[in-house]
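The values are calculated or read from the model by the stated rules, or taken from the named source; none is laboratory data. Since the structure is predicted, the reported quantities are computational estimates derived from the model, not experimental observations. Backbone-built Cβ (ideal geometry, glycine too); neighbour counts: all protein chains shown.
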Amino acid sequence: MKKENNGKLRIIPLGGLEKIGMNITAFEYEDSIIVVDCGLAFPEDDMLGIDLVIPDITYLKDNIQKVKGFVITHGHEDHIGALSYVLREMNLPIYATKLTMGIIEKKLTEHNLMRSTRRKVVRHGQSINLGQFRIEFIKTNHSIQDAAALAIYSPAGIVVHTGDFKVDYTPVFGDAIDLQRFAEIGKKGVLALMSDSTNAERKGFTQSERTVGITFDHIFAEHQNTRIIIATFASNVDRVQQIINSACKYDRKVVVEGRSMVNIIQVARELGYLNVPDKTLIEIDQLRNYPPEKTVLITTGSQGESMAALSRMAADVHKKVTIMPGDTVIFSSNPIPGNEKSVSKVINELSAKGANVIFQDAHVSGHACQEELKLIYSLVKPKYAIPIHGEYRHRKANAALAENLGIPKENIFILNSGDVFEVSDKEAKVVDKVHTGEILVDGLGVGDVGNIVLRDRQHLAEDGILIVVLTLEKGSNQLLAGPDIVSRGFVYVRESEGLMEEARQVLQDAVEDCLMHQRNADWSKIKLVIRDTMNEFIWKRTKRKPMILPIIMDV
């Protein structure tokens, strides 16, 4: 892998291309590597007990002397969530815009990494030099403020990485996307464009964030006699701003509930990204001092996450808030692919409690639809197109757009995580594959749960466990006590005494037989006999395969 690149830039996605989440890409030119984003993914349904999934950064650790730092596009979990785990293994500087850095610093503080991590806040329009690279931050719009696209200048050419973006001409806070700069860079000649594919299947334009504010005003006007509870993404500061604006207009007090929401709003207020009039926000304990129709709750849980505030309210296990008949609950988000079931469960629970649930039109996406993607392609005019950020079908749709705009098919690349993509003005191709993967975080353990442990968890979840305990006499290997069978998650013992007794009998015969024929039978042999006998008997009788755990004691 150490061969000279002779003027070729290598782009190596280490995660984030097969699904939404865990975005991390390395850019390598000769002796320099920069890493764009470092995100986490949330576990799939079959990852039992797993809290988070972070990328495997073996490649970066193997080339640590080349790595210059992390350049972050925006402050969403799927782009910054793994930083506090990765920084423990490799101490590198972080470059990000002001709000993004504020959110990262909150995380670093929680993980005691603030003192050891070098950080630099970069403004839009500013450039930083890292080794052979110069990286320019370009203003874009997204569902969190301070998002940036990156123009990555290398001796091999310019690569434009859009980050997550949409084109919003009337953002709630700050300026619209800097289309002029995209055009200027396009004029210089761009080698490759890596663009967000999340909404590449959707026609037209993404609506401006302001349209949601108008919807909120209408909803507040129509529901002046009920309490309003709004669930949205914690990170969508503009959405929170618009809820606060409507609340002030209709003279309501606002309560913020949910840890991530409280954290981000605190950071956004301190850094001046959120304007909250005095005496608007109240603590959750003060709710009882105000009539319900004079209050608004902004809460997490718009994705149906079981531990989030809204789900706890719906399930009646929230300590401070009980859903009342007549409450108006607004879902200001769309379900992320895969969360539809949990969301509809929460909606059903809320409706059953008599709440009026609104989930239409109270959300706009933070990602570009087809017309905006076409606009960026037309301004940047890249030689090569590399669709990123999305499942395969999203990236396929993005590739089709690029082709329609006249980029030759052989210049469009749909990469996989781990591909080493070498690109220069003359040619571009995948030349190698590096090790990538998922590291599972369970509680405080990072990476100590692997495929084997997950497989065992699935086995236990599907068929339960049978523990077989027996006592042998030291030396003579006589069976002194047992075998006793303890069952967990297999059958309810009291109702299956016959089955258990029969299993015990079969086991006893098998163990005694084994001990008789092999005076010096070792324990591993006995355990094997126990497992095989039990597996065969249980499968015959129940067509199930519980985990069998033999325990042998000697006295």
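Give Asn348, Asn356 a once-over and let me know the one that is without any contact (Cβ under 8 Å) to a residue 24 or more places away in the chain and more than 19 Å from Thr25 (Cα to Cα).
Numbers: Asn356 fails: without any contact (Cβ under 8 Å) to a residue 24 or more places away in the chain.
Being without any contact (Cβ under 8 Å) to a residue 24 or more places away in the chain and more than 19 Å from Thr25 (Cα to Cα) holds for just one of Asn348, Asn356, which is Asn348.
Please go through segment 447-466 and give me each residue that is surrounded by fewer than 16 Cβ atoms within 10 Å (Cβ to Cβ) and in a strand (DSSP E or B), ordered by number.
Gly447, Asp448
May I ask you to list pairs of residues, at least six apart or on different chains, whose Cβ atoms are under 6 Å apart, with the first in segment 184-195 being within 14 Å of Ser424 (Cβ to Cβ) and the second being in a strand (DSSP E or B) and among the β-branched types (Val, Ile, Thr)?
Val190/Ile158; Val190/Val160; Leu191/Ile158; Leu191/Val159; Ala192/Val159; Ala192/Ile386; Ala192/Val423
Can you tell me which of Arg115, Arg134, Arg123, Arg88 is among the charged types (D, E, K, R) and within 19 Å of Ala268 (Cβ to Cβ)?
Only one candidate qualifies: Arg123.
Out of the residues in segment 346-374 that are of a type in the set (A, V, I, L, M) and assigned to a helix (DSSP H, G or I), state the one that is nearest to Gly163 (Cα to Cα). Reasoning before the result, please.
In the first step, residues of segment 346-374 are kept if they are of a type in the set (A, V, I, L, M); the result is 346-347, 350, 352, 355, 357-358, 362, 364, 368, 373.
Remaining after also requiring assigned to a helix (DSSP H, G or I): 346-347, 350, 352, 373.
Values: Val346: 32, Ile347: 32, Leu350: 36, Ala352: 41, Leu373: 12 Å.
Top of the filtered list is Leu373.
Return the total of residues in segment 2-29 being buried (at least 20 other Cβ atoms within 10 Å of the Cβ), in a loop (DSSP other than H, G, I, E, B) and either polar (S, T, N, Q) or at pLDDT 95 or above (or both).
1
Quick one: count up the residues across segment 253-273 that are more than 22 Å from the chain's Cα centre (by Cα) and surrounded by 24 or more Cβ atoms within 10 Å (Cβ to Cβ).
1
Tell me which residues, restricted to segment 292-314, are surrounded by fewer than 22 Cβ atoms within 10 Å (Cβ to Cβ), of a type in the set (Gly, Ala, Ser) and more than 16 Å from the chain's Cα centre (by Cα).
Selection gives nothing.
Just to confirm my filter: which strands (runs of 3 or more DSSP E) fall fully inside segment 41-145 and include at least 3 residues that are within 30 Å of Ala461 (Cβ to Cβ)?
Numbers: elements: 52-55, 67-71, 94-96, 119-121, 127-130, 133-139.
Output list reads 52-55.
Starting from segment 477-489, keep only residues that are surrounded by fewer than 18 Cβ atoms within 10 Å (Cβ to Cβ), then list their pairs with residues that are assigned to a loop (DSSP other than H, G, I, E, B) and of a type in the set (D, E, K, R) whose Cβ atoms are within a distance under 7 Å, requiring at least 6 positions of separation or different chains.
Partner pairs satisfying both residue conditions: Leu480/Glu473.
Failed condition for Val262, given (1) β-branched (Val, Ile, Thr); (2) without any contact (Cβ under 8 Å) to a residue 24 or more places away in the chain; (3) in contact with a Lys or Arg (Cβ under 6 Å, 6 or more places away or on another chain), with all others met?
If we test Val262 against (1) β-branched (Val, Ile, Thr); (2) without any contact (Cβ under 8 Å) to a residue 24 or more places away in the chain; (3) in contact with a Lys or Arg (Cβ under 6 Å, 6 or more places away or on another chain), just (3) comes out false.
For Lys543, state whether it is without any contact (Cβ under 8 Å) to a residue 24 or more places away in the chain, among the basic types (Lys, Arg), in the same structural domain as Gly482 (by TED's automatic domain parsing) and on the phi > 0 side of the Ramachandran plot. Let's see the steps before the verdict.
Working: without any contact (Cβ under 8 Å) to a residue 24 or more places away in the chain: yes; among the basic types (Lys, Arg): yes; in the same structural domain as Gly482 (by TED's automatic domain parsing): yes; on the phi > 0 side of the Ramachandran plot: yes.
When the stated conditions are applied, Lys543 passes them.
Can you tell me which residues in segment 382-396 are part of a helix (DSSP H, G or I) and surrounded by fewer than 19 Cβ atoms within 10 Å (Cβ to Cβ)? Spell out how you get there, then give the answer.
The initial filter retains those residues of segment 382-396 that are part of a helix (DSSP H, G or I), namely 392-396.
Answer for segment 382-396, where residues must be part of a helix (DSSP H, G or I) and surrounded by fewer than 19 Cβ atoms within 10 Å (Cβ to Cβ): Tyr392, Arg393, Lys396.
Does Gly437 satisfy the criteria of being modelled with pLDDT under 95 and surrounded by 19 or more Cβ atoms within 10 Å (Cβ to Cβ)? Spell out the reasoning first.
Numbers: modelled with pLDDT under 95: yes; surrounded by 19 or more Cβ atoms within 10 Å (Cβ to Cβ): no.
For Gly437, the condition - modelled with pLDDT under 95 and surrounded by 19 or more Cβ atoms within 10 Å (Cβ to Cβ) - is not met.
Of all residues in segment 315-345 being free of Cβ contacts under 8 Å to residues at least 24 places away in the same chain and within 15 Å of Leu297 (Cα to Cα), which is surrounded by the most Cβ atoms within 10 Å (Cβ to Cβ)?
So the residue we want is His318.
Return yes or no: is Arg227 basic (Lys, Arg), crowded, with 22+ Cβ neighbours inside 10 Å and more than 21 Å from Gly366 (Cα to Cα)? Explain how you work it out, then say what you get.
Working: basic (Lys, Arg): yes; crowded, with 22+ Cβ neighbours inside 10 Å: yes; more than 21 Å from Gly366 (Cα to Cα): yes.
Criteria met by Arg227.
Considering every residue within segment 364-381, establish whether at least one is at pLDDT below 95, among the acidic types (Asp, Glu), surrounded by 17 or more Cβ atoms within 10 Å (Cβ to Cβ) and more than 18 Å from Val36 (Cβ to Cβ).
No.
Is it the case that Arg504 is free of Cβ contacts under 8 Å to residues at least 60 places away in the same chain and basic (Lys, Arg)? Give the steps one after another, and end with the answer.
On the way: free of Cβ contacts under 8 Å to residues at least 60 places away in the same chain: yes; basic (Lys, Arg): yes.
Answer is yes for this residue.
Identify the single condition in (1) in a strand (DSSP E or B); (2) touching a residue at least 60 places away in the same chain (Cβ under 8 Å); (3) within 30 Å of Leu83 (Cα to Cα) that Val430 does not satisfy, given that it satisfies every other one.
Failed condition: (2).
Hey, among the residues in segment 310-333 that are part of a loop (DSSP other than H, G, I, E, B) and in contact with a His (Cβ under 8 Å, 6 or more places away or on another chain), which one's farthest from Thr226 (Cα to Cα)? Walk me through it before giving the result.
Initially, segment 310-333 is screened for residues part of a loop (DSSP other than H, G, I, E, B), giving 315-327, 332-333.
Okay, now just the ones that are also in contact with a His (Cβ under 8 Å, 6 or more places away or on another chain), so 332-333.
Details: Ser332: 18, Ser333: 21 Å.
My answer is Ser333.
Is it true that Asp532 is part of a helix (DSSP H, G or I), exposed (fewer than 15 other Cβ atoms within 10 Å of the Cβ), modelled with pLDDT of 85 or more and within 43 Å of the chain's Cα centre (by Cα)?
Working: part of a helix (DSSP H, G or I): yes; exposed (fewer than 15 other Cβ atoms within 10 Å of the Cβ): yes; modelled with pLDDT of 85 or more: yes; within 43 Å of the chain's Cα centre (by Cα): yes.
Considered against the rule, which asks whether it is part of a helix (DSSP H, G or I), exposed (fewer than 15 other Cβ atoms within 10 Å of the Cβ), modelled with pLDDT of 85 or more and within 43 Å of the chain's Cα centre (by Cα), Asp532 comes out as yes.
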